[in-house]
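A quick write-up on the structure given underneath.
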Amino acid sequence: MKKVLIPILFMGLLGIQACTQGVPQLGKAPVKKVVEAMTAEEKVSLLVGTGMALPGVDGNSAVVGQTETLVAGAAGTTTAIPRLGIPAIVVADGPAGLRISPRREGDEATYYCTAFPVGTLLASTWNTDLVESVGEAMGNEVLEYGVDVLLGPGVNIHRNPLCGRNFEYYSEDPLLTGKIGAAMVRGVQSNGVGVSAKHFAVNSQETNRTGNDAQLTTRALREIYLKGFERIVKEAKPWTLMSSYNYINGTYASESRELLTTILRDEWGFEGIVMTDWFGGKDAPAQMHAGNDLLMPGRENQKQAILDAIASGSLSMEDIDANVTRMLELILRTPRFKGYAYSNEPDLTAHAEVTRRSAAEGMILLENKNGTLPLDDNITRIAAFGTTSYDFIAGGTGSGDVNEAYTVSLSEGLTNALYALDEEIAAVYATYKAAEEAKRPQSDNPMAQFFNQARIPEFLPESSLLLKKAKETDVALITIGRNSGEFTDRKIEADFELTATEKALIRQVTDAFHREGKKAVVVLNIGGVIETASWKNIPDAILLAWQGGQEGGNSVADILSGVVNPSGKLPMSFPVHYLDHASSANFPYDYALDPVQMAASLSALVGAGEAPAQKEPVKNVDYTVYEEDIFVGYRYFDTFGKAVSYPFGYGLSYASFDCKAELGQGTTVSVTVTNTGSRPGKEVVQLYVSAPQGDYFRPEKELKAFAKTQILEPGASETLTLTFDGADLASFHEKENAWIVDPGTYRLRIGFSSADIRQELSLEQTERQVVEEVQPVLMPAREIATLVRP
């Protein structure tokens, strides 16, 4: 395939035009001079995207604004201004890999991208070097397919296990979120392309995501929901951030100057641009003033509103010039401006290997009775049960999906690993799948690709067949599948909880194989937390495979066979019951989506219809009160003594490990990890801090540092250095609007999960230390009732 030379030719033509017109050219004249040479209309056009085609809005094909298709299937482009040498740049989804059209009209070539593991799985590796290598591969595809900015990673907090997009996000913990997110950003941007870390901020639910008001204390905002973004900004310097759809304490995130300027730029020193989520916000001039530099995908009425505001004096040209300056500085960095001749031929084979390796490292061994796994060498015949065994889920739906060339199912992965898969069982599932798919109504909504489609119901084979296969094969594998995506959140029944059929499948298959002295293993091909406490003791082993991208089946086979020793750790807690979660009282788990109202809302969002009639605000839909405050995930479970099914940071190995820690200078801890088992493996050391109870009530423990070993042979040791800043001990004091370290004894607790603490050290803070004073911003309009008040 020929190199694409259009960008270079385009820039050459612009250079010729510059010579004839004698106007400042971007890249040749200072940015300030280019800004001064721009008309008001040109400035505004640069700040509003060129639009996009949205099929099926209100049942019609609605074209919003002007769409440029420099890269088919990309999410959007900026406006080119040829007379000033300003090219259009291209942005595209998404967090698990580049999302563009795999085929193009009149072109026999294909443009597939690699489906990498979902964000939750990558966080489960607890391996920043590995995640950075995934980012490098992902960023290479962005570069070679002619895209300038990747719309990811997603770094919102797992506030509640039912959020529909949790699979895109990393963790319930802000430190783990920030470290993994920073690694991904560094990896992608090492290719000379940008990212857009999203969704800034407090985007914790999909239900009414464009109208929901997240109401929370400034302490919760600062300590939980902004910390991950702050770390990414300071450690990885992302080119862009994406503002979120929701309100925060009554103000749209994309219209909040306090969020986008005071905190992001003045406090954190962010130097990039902020773009809206697609069609986010309502008031374009307010977004400009807030510091939201680029409105995406762009509408003509937004341009006119900004121009009108400038003319009336309600929006200053100073604000506009600041936005334009940042946009031009972004464009200067892009491959398209530099004339990079992208190949359209990234090394998809090499990237598939990156996917396979990273997916295996993020899978988590939850149960392993009597060394069931890895499978013994004499096990060769496998009976695979569950519809998902034959239809593996690579990743979630919506903008987080990827158009990959293939997905390796579990059955294919087992076959590739030279196991003999029972053909009779496979045929039974193939027949069932065909019959069920024939019953499914065909959607005529072109927007259906963005919605999570219900999977085929689980199937329970006849008991006689189970007994027969227990005699004929060596082991049973039972795969449980779950998927989710944009626009809707998950539910408790038949989603968080297993269905009656799924539970019966696990029990009856296990019973049949146990009668023959054989074992049954459950594989969880899921994107988010499910209930496990009621059934986890039935099978002999449980492997949490998450959604491992296009090589997922091979990755699972690598672990089952022992080629890879599992070393993944949970980036969130698994509760015993859903309602045990502190946030469950303030989450729309029982909200029934009205399709008509949703269609009207979508139409209004893109300017193609009237908004639904106003109604009385509905709790957890129109507004959500974060009553749990900072007590998210393990911070709640550990502090309030609530039992969990699996704790934060948990994960088994085929090996066993021990550790010994020593306190170094300042806030440095050296931990020597020793493999005490009989197999090579990796281990993750986690350092938690239990703070003294000062002016504000503190969680029982909080993660402050972590590190992962290399592969350790049996008997081998490795010394890891865990370092955290003294400021990491601070909590946010609302009354003083300051980060403060309270005096007292700080217990440093080192272990292999939040519940598996192996050693404790202590650190003394002799006096109260004010680390940083900040502006009193994004204050709640009313008192927020929380679980604990100081």
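The values are calculated or read from the model by the stated rules, or taken from the named source; none is laboratory data. All values derive from a computational prediction rather than experimental measurement. All Cβ positions, glycine included, derive from the backbone under ideal geometry; neighbour counts span all protein chains shown. These area figures cover heavy atoms from the full protein model, side chains too; ligands, DNA and RNA do not enter into them. Shrake-Rupley method; radii C 1.70, N 1.55, O 1.52, S 1.80 Å.
Observations on the model:
- Which numbered condition Ser133 fails, given (1) under 18 Å from Pro117 (Cα atoms); (2) buried (at least 24 other Cβ atoms within 10 Å of the Cβ): (2)
- Residue list for segment 670-728, restricted to those being among the aliphatic types (A, V, I, L, M), in a strand (DSSP E or B) and within 26 Å of Pro566 (Cβ to Cβ): Val671, Val673, Val684, Val685, Leu687, Leu703, Ala705, Ala707, Leu712, Leu720, Leu722
- When the residues of segment 366-418 are filtered to those that are β-branched (Val, Ile, Thr) and farther than 23 Å from His351 by Cβ, the one that is most open to solvent (accessible area, probe 1.4 Å) is Thr380.
- With respect to being free of Cβ contacts under 8 Å to residues at least 12 places away in the same chain and either within 27 Å of Phe637 (Cα to Cα) or among the small types (Gly, Ala, Ser) (or both), Glu683 falls outside the description.
- Neighbours by Cβ (under 9 Å, 6+ apart or cross-chain): first from segment 223-251, touching a residue at least 24 places away in the same chain (Cβ under 8 Å); second open to solvent by 20 Å² or more (accessible area, probe 1.4 Å) and β-branched (Val, Ile, Thr): Tyr245/Thr210; Asn246/Thr210
- Scanning segment 364-384 for residues that are out of contact with any strand residue (DSSP E or B) (no Cβ under 7 Å at 6 or more places or on another chain) and in a helix (DSSP H, G or I) turns up Asn370, Gly371.
- Residues of segment 214-251 that are farther than 29 Å from Lys735 by Cβ and of a type in the set (Gly, Ala, Ser): Ala236 alone.
- Filter pass, Ser555 being in a helix (DSSP H, G or I), more than 22 Å from Ala476 (Cβ to Cβ) and open to solvent by less than 10 Å² (accessible area, probe 1.4 Å): no
- Subset of segment 421-444 [surrounded by 10 or more Cβ atoms within 10 Å (Cβ to Cβ) and within 31 Å of the chain's Cα centre (by Cα)]: Lys433, Arg440, Ser443
- In segment 513-528, the residues that are in a strand (DSSP E or B), among the β-branched types (Val, Ile, Thr) and out of contact with any Ser or Thr (no Cβ under 7 Å at 6 or more places or on another chain): Val522
- Criterion violated by Arg747 - all others in (1) touching a residue at least 60 places away in the same chain (Cβ under 8 Å); (2) within 16 Å of Pro699 (Cβ to Cβ); (3) not acidic (Asp, Glu) satisfied: (1)
- Note on segment 26-41: residues that are assigned to a helix (DSSP H, G or I), touching a strand residue (DSSP E or B) at 6+ places or on another chain (Cβ under 9 Å) and buried (at least 17 other Cβ atoms within 10 Å of the Cβ) amount to 1.
- Pair list, Cβ under 7 Å, 6 or more apart: segment 141-166 residue closer than 17 Å to Ala115 by Cα and open to solvent by less than 10 Å² (accessible area, probe 1.4 Å), other residue among the hydroxyl-bearing types (Ser, Thr, Tyr) and in a loop (DSSP other than H, G, I, E, B): Glu141/Thr114; Tyr145/Tyr111; Tyr145/Tyr342; Gly154/Tyr169
- If only residues of segment 238-273 that are open to solvent by 10 Å² or more (accessible area, probe 1.4 Å) and within 25 Å of Glu702 (Cα to Cα) are counted, the one that is farthest from the chain's Cα centre (by Cα) is Glu267.
- For segment 760-778, residues that are within 26 Å of Gly250 (Cα to Cα) and open to solvent by 100 Å² or more (accessible area, probe 1.4 Å) total 2.
- Number of residues in segment 613-643 that are surrounded by fewer than 21 Cβ atoms within 10 Å (Cβ to Cβ) and within 30 Å of Asn368 (Cβ to Cβ): the value is 5.
- Matching option when the condition is open to solvent by 10 Å² or more (accessible area, probe 1.4 Å), among the β-branched types (Val, Ile, Thr) and modelled with pLDDT of 95 or more, among Thr128, Thr114: Thr128
- When residues in segment 488-512 are screened for being crowded, with 19+ Cβ neighbours inside 10 Å, assigned to a loop (DSSP other than H, G, I, E, B) and among the acidic types (Asp, Glu), 1 of them pass.
- Taking (1) in contact with an Asp or Glu (Cβ under 7 Å, 6 or more places away or on another chain); (2) assigned to a helix (DSSP H, G or I) in turn, Phe637 satisfies each apart from (1).
- Scanning segment 332-361 for residues that are over 17 Å from Gly192 (Cβ atoms), touching an Asp or Glu at 6+ places or on another chain (Cβ under 7 Å) and of a type in the set (Lys, Arg) yields one hit, Arg356.
- Among the residues of segment 167-187, just one is touching a strand residue (DSSP E or B) at 6+ places or on another chain (Cβ under 6 Å), buried (at least 24 other Cβ atoms within 10 Å of the Cβ) and aliphatic (A, V, I, L, M), namely Val185.
- Close pairs from segment 517-546: first surrounded by fewer than 24 Cβ atoms within 10 Å (Cβ to Cβ), partner assigned to a loop (DSSP other than H, G, I, E, B) and aromatic (Phe, Trp, Tyr), Cβ under 8 Å, at least 6 apart: Leu524/Trp546; Ile526/Trp546
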